[in-house]
Amino acid sequence: MRRQPAPEPSGDDGGPSLPGMGPAAGQDVPAPVAHIEADTSRKFSPSKLDTYRDCPRRYRYRYVDGIRRRVETVETLLGSCVHKALEELYAGMVHGREYTLEETLAVFDREWAAGWSESVVVRHKQYGPEHHQAAGRDCVRAYFKAFAPFRGDLTVAVEKRLGFPLKAGDEEVRIEGLVDRLAKVGEGVYEVHDYKTTANLPGQAELDEDWQLAIYDIAVRENWPDAREVGLVWHFVRFGQTMRSSRSPERREKLKKELADLVLTIRHDHAFLPRRSALCDWCEYRDLCPLWKPSPKEGAALAKEYGALEGRRRELREKLHELEAALRELDADVVRYASEHGLEVLAGPEGEVSVSQKDDYHVPTRTHAPELYEKIEARLKETPLWKQAAHIDLHRLLQGYDRGGWDEAGMEAVRGIVAEFGAHIKRIR
């Protein structure tokens, strides 16, 4: 499936940012969060849901505010042209025409010529458009070498929208996306094929957790009830390598629940907070984003002053830690001396030190001794002391809610709390 809005970082270097999207100097400061109308759309694609998982603020700009920006990079152009060439190849076969390698390369070149312009962003300046075009042609050749004459399966659909209805809370939404190719390889046996032109080759474990093609697995079974088996197939055409995976019925049901929880999280999001990550270098909305938007002169001066004060605070904190460590050592010496001489007060020219000793408890914590902590917690729950000893960690509760980290019942419970007490819960960053 093609993902057009923005390219994915290759992960091999930091690379320059897109034009006009460089980072702003300064440090993030907690700021008020405006109340934004919730997303009310009823159709969600894998790429749309991925956008929210990557950065809720980018999701808001694109799908809630409807700000459409297309940043075409040479990588997305290459991928689009390879997809178009293979699309015409298989569409021709469906209608009884067999394309030769030369004809398929001609389709690639035609699409490249139509798509190339000076506005296409090239990250690696040492490689010109001709190098990327040659790499794309190599992708087509590698695919031809591996699969010609393309009679190993029966193509059911090319570039087809597939989806299924999903119950999310009290409403029904539709999960739908674009499948590169759907094939039938036997009675009741289907395969979802996806072409990847990325310069990175993932491991099998990563593909076994991928949810894009797993979503199409569910869609195929919804649309073709005879499907008893659905294979998930990725073609990494730069490497001439094909990788496969599948999903069990249990994992498909689990995925449906995860999708429903994510849709409900989006529904109840009225802040769409930005999330800083390596993907920021590729975002088409950096000039709008509060994490990156350049500040006017007054704002830049405030940021500079804030940074200077923060630097001083760090220095003082380090000195304070040093003083506290020295005091702890001195405490031990004072207690030892007072014990040896039976004293409760040590007097000196600068003042007095009172010495009092008492028994204290060192108890296991959830962080450093989780198993012991849980045993104590379980024991307390059996006693009337639990109501007095327990406390609510609302911060952890809401963090899990924002990440969709609770199960369906937990998410529903927190949604009820937010709905009832939302006026008293302030979101800061």
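A few remarks follow.
- Percent of beta bridges antiparallel (DSSP, the stretch 43-282, rounded to nearest 5): 70 percent
- Entry for P(r) over Cα pairs in 20 Å bins from 0, in percent (calculated from the structure that is shown) out of (i) 18, 42, 27, 10, 3, 0; (ii) 20, 51, 28, 1; (iii) 17, 31, 24, 18, 9, 2, 0: (i)
- Averaging over all projection directions, the Cα-based convex hull of the stretch 201-284 occupies 8.2 nm² in the image plane.
- Rg over Rh [alpha-carbon atoms, Kirkwood Rh] for the stretch 43-282: 0.97
- When every Cα-Cα distance of the stretch 234-358 is counted in 10 angstrom steps from zero, the calculated P(r) takes the values 9, 13, 17, 15, 13, 18, 10, 5, 0 percent.
- The stretch 43-282: relative contact order as a whole-number percent, Cα under 8 Å and 6+ apart: 22 percent
- Taking all Cα pairs closer than 8 Å and separated by 6 or more residues, the relative contact order of the chain comes to 20 percent.
- Taking the DSSP bridge list for the chain and keeping only pairs wholly inside it, about 70 percent are antiparallel.
- Residue-averaged 222 nm ellipticity for the chain, from DSSP H runs of 4+ at -39500 (n - 2.57), nearest 500: -14500 deg cm²/dmol
- Taking θ as phi - 60° and the Karplus parameters 6.51, -1.76 and 1.60, the scalar couplings of the stretch 115-128 work out to x, 6, 7, 5, 7, 5, 7, 10, 6, 8, 5, 6, 10, x Hz in sequence order, x denoting glycine and proline.
- Trypsin sites (Lys or Arg not before Pro) within the stretch 88-140, DSSP loop, no more than 13 other Cβ atoms inside 10 Å: ARG97, LYS125
- For the options ALA347, ALA214, ALA303, a Gaussian network treatment of the chain with springs between C-alpha atoms closer than 10 Å singles out ALA347 as fluctuating the most.
- When each of the peptides 318-331, 177-190 is scored by how many other beta carbons lie within 10 Å of its residues on average, the order from highest to lowest is 177-190, 318-331.
- Amide hydrogen proximity for ILE175: with H placed 1.01 Å from N in the peptide plane, the residues at 5 or more positions away or on another chain lying under 5 Å are PHE44, PHE164, LEU166.
- Prolate/oblate/rounded label for the stretch 77-151 (Cα gyration tensor, a/c 1.5): prolate
- Secondary structure note: in the stretch 193-249, about 55% of the DSSP beta bridges are antiparallel.
Values quoted throughout were computed directly from the atomic coordinates according to the rules given, and no laboratory measurement underlies them. Bear in mind the structure is a predicted one, so any value in this text is a computation, not a measurement. Virtual Cβ from ideal backbone geometry, glycine too; neighbours counted across all protein chains shown.
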